[in-house]
Amino acid sequence: MAIDVSESIEARLREVEDKLAIYELIASHPPSADTGHAQYTSQVYKEEGIFNRGVGLDGATGAKAIADFILRPAHREAIEGGLAHFTGLPLVNLQGDRAIVTSYLQLIQLDKTGQPREMANHGVSTGYRIHRVVVNRWELERIAGQWKISSRTLLPVDGSKAPLELLNAGLTEILARNRIE
């Protein structure tokens, strides 16, 4: 990120505060999904928010419907089976009261059939396996001083062009914003 020293300290501080709030919002997704905290999920989406999981998986529209995803019996079963969402550091493109965030997410699951292994000072475990890696595009809006999710698209990293295009769009938008050539 290039620093524009001609910007006021207040403007630069606002950008830092916005990015920290957005990092916290994105970082809150794994704990809320892994605990089934639907109330939290419903509060971070806009009322008319969109959750798009791409081809082959259902999505939802509306904060309540999105929050209901983590109340499904199948999701509870996944949690009880050792589900862990693990996110990468997000790429944040601030655009005033809007932001585009590009990130990776791994869905990790306890490997109950793996060979037990001992690690010094950490006990015995059968380990974990990465179930899926996805690319996320989060579209956010600042509403009454709080960042909310207006749309989230996640696509599996499966060798197809769609997730690569989503990643490229995030990078291209950052380059355009920073006027890097």
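Take residue 139 and tell me if it is modelled with pLDDT of 95 or more, over 16 Å from residue 25 (Cα atoms), of a type in the set (Asp, Glu) and open to solvent by 20 Å² or more (accessible area, probe 1.4 Å). Answer is no for this residue. With the structure loaded, tell me whether residue 167 is assigned to a helix (DSSP H, G or I) and either open to solvent by less than 80 Å² (accessible area, probe 1.4 Å) or of a type in the set (D, E, K, R) (or both) or whether it fails that test. Yes, satisfied.
Pairs are defined by a Cβ separation below 6 Å, a sequence spacing of at least 6 or placement on different chains, a first member in region 66-87 that is farther than 22 Å from residue 135 by Cα, and a second member that is at pLDDT 95 or above and part of a helix (DSSP H, G or I); the pairs so defined are 71/38.
Between 34, 111, 97, which is in contact (Cβ under 8 Å) with a residue 24 or more places away in the chain, farther than 28 Å from residue 161 by Cα and over 16 Å from the mean Cα position of the chain (by Cα)? First the steps, then the outcome.
Values: 34 fails: over 16 Å from the mean Cα position of the chain (by Cα); 111 fails: in contact (Cβ under 8 Å) with a residue 24 or more places away in the chain.
Residue meeting the stated conditions: 97.
Going by the conditions given, is residue 133 farther than 19 Å from residue 50 by Cα, part of a strand (DSSP E or B) and free of Cβ contacts under 8 Å to residues at least 12 places away in the same chain? No, not satisfied. Summed over region 142-164, residues that are of a type in the set (A, V, I, L, M), surrounded by fewer than 16 Cβ atoms within 10 Å (Cβ to Cβ) and part of a strand (DSSP E or B) total 1.
The set of residues in region 58-90 that are loosely packed, with under 11 Cβ neighbours inside 10 Å and closer than 26 Å to residue 158 by Cβ comprises 58, 74, 77, 81, 89. For region 91-125, filtering for residues that are part of a strand (DSSP E or B), open to solvent by 70 Å² or more (accessible area, probe 1.4 Å) and within 21 Å of residue 45 (Cα to Cα) leaves 3.
The values are calculated or read from the model by the stated rules, or taken from the named source; none is laboratory data. Here the structure is a predicted model, which is why all the values come from computation and not from measurement. Positions of Cβ are backbone-derived with ideal geometry, glycine not excepted, and every protein chain shown enters the neighbour counts. Side chains are part of the model used for accessible areas, which takes the heavy atoms of the whole protein and leaves out ligands, DNA and RNA. Shrake-Rupley method; radii C 1.70, N 1.55, O 1.52, S 1.80 Å.
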